[in-house]
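Shown next, in structure tokens, is the structure this report addresses.
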Amino acid sequence: MESLPSMWRTELMHPLFVHFPIALLLFASIVLITARLNVFPAHRKTIHRAGLFMLFPGFVLAWISVYTGIQADGIVGREVCDPTVLEDHERFAFFIAYLFTATALIEAAGLWWRHHAWWKKIRKLLAAALVLLYLGGAAGIGYVGHLGAKLVYQQAAAVHQPSDDCSEFE
């Protein structure tokens, strides 16, 4: 009789961590776009602050997800039938982590230098650029998630396949 593999395997750390930055960065994008477009002028500062409270931990967790994904790649990379999906998933995940790191750095610089005259001159240009980055980042998260779903649901990456008689559950 086979035994069930541990739920604390290295390759399972990636799905454990990856859902937090997905949620945080998608919601941060929506909230920060709302703030940048000044949809609710009376509450713009509060909305912007709420978006930043999601953006900063979100980009840190994105890098933790990239790290755990690299660890999982070393284990499941030999098991998948089409490794090009895994390579694309990894490459686009790096891109998304870099993109949201850049947006977090720009937002942090805006908080730091917001009272400087030169920052006020480029503020509207940066706001437009950030809206585009958030839209691209949100779309990129969707694509990376799609690739991850293909790995799990089409190639069973890191998924335990029970025996025909399910004897390991007895």
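Summing +1 for each Lys or Arg and -1 for each Asp or Glu, what net charge is found among the other residues whose Cβ lies under 14 Å from the Cβ of residue 145?
The answer is -1.
Below 12 angstrom from the Cβ of residue 159, what's the summed charge of the other residues (Lys, Arg +1; Asp, Glu -1)?
-1
Per residue of the chain, what 222 nm ellipticity follows from adding -39500 (n - 2.57) for every DSSP H run with n ≥ 4, rounded to the nearest 500?
After summing the helix terms and dividing by the residues of the chain, the value is -27000 deg cm²/dmol.
5 Å is the cut-off here: which amide hydrogens, built 1.01 Å from N in the peptide plane, fall below it relative to residue 158, excluding neighbours closer than 5 in sequence?
Correct list: empty.
Using the Karplus equation 6.51 cos²θ - 1.76 cosθ + 1.60 (θ = phi - 60°), what ³J(HN,Hα) coupling, rounded to whole Hz, does each residue of the range 114-122 give in order, writing x for Gly and Pro?
Computed from phi, the couplings for the range 114-122 are 4, 8, 7, 4, 5, 5, 5, 6, 9 Hz.
Hey, how many Å between the Cα centroid of the range 74-92 and the Cα centroid of the range 1-73?
With the range 74-92 and the range 1-73 each reduced to a Cα centre, they are spaced 21 Å.
Per-residue HN-Hα couplings for the range 142-151, Karplus 6.51 cos²θ - 1.76 cosθ + 1.60 at θ = phi - 60°, whole Hz, x for Gly and Pro?
So the Karplus estimates, Gly and Pro as x, are x, 5, 4, x, 4, 5, x, 5, 4, 5 Hz.
Give me a comma-separated list of calculated 3J(HN,Hα) values for the range 56-72, in order, Karplus coefficients 6.51, -1.76, 1.60 applied at θ = phi - 60°, integers in Hz, x for any Gly or Pro.
Working through the residues one at a time gives 5, x, x, 6, 5, 5, 4, 5, 5, 5, 4, 4, 5, x, 5, 5, 5 Hz.
Order the peptides 115-123, 142-150, 96-104 from the highest to the lowest mean number of other Cβ atoms within 10 Å of their residues.
Ranked from most to least packed, the peptides come out as 96-104, 142-150, 115-123.
Quick note: the coordinates plus some simple rules give every number you see, no bench work behind them. Only a predicted model underlies this, so the values are computations on that prediction, with no experimental measurement involved. With ideal geometry, Cβ positions are generated from the backbone for all residues, glycine too; neighbour counts draw on all protein chains shown.
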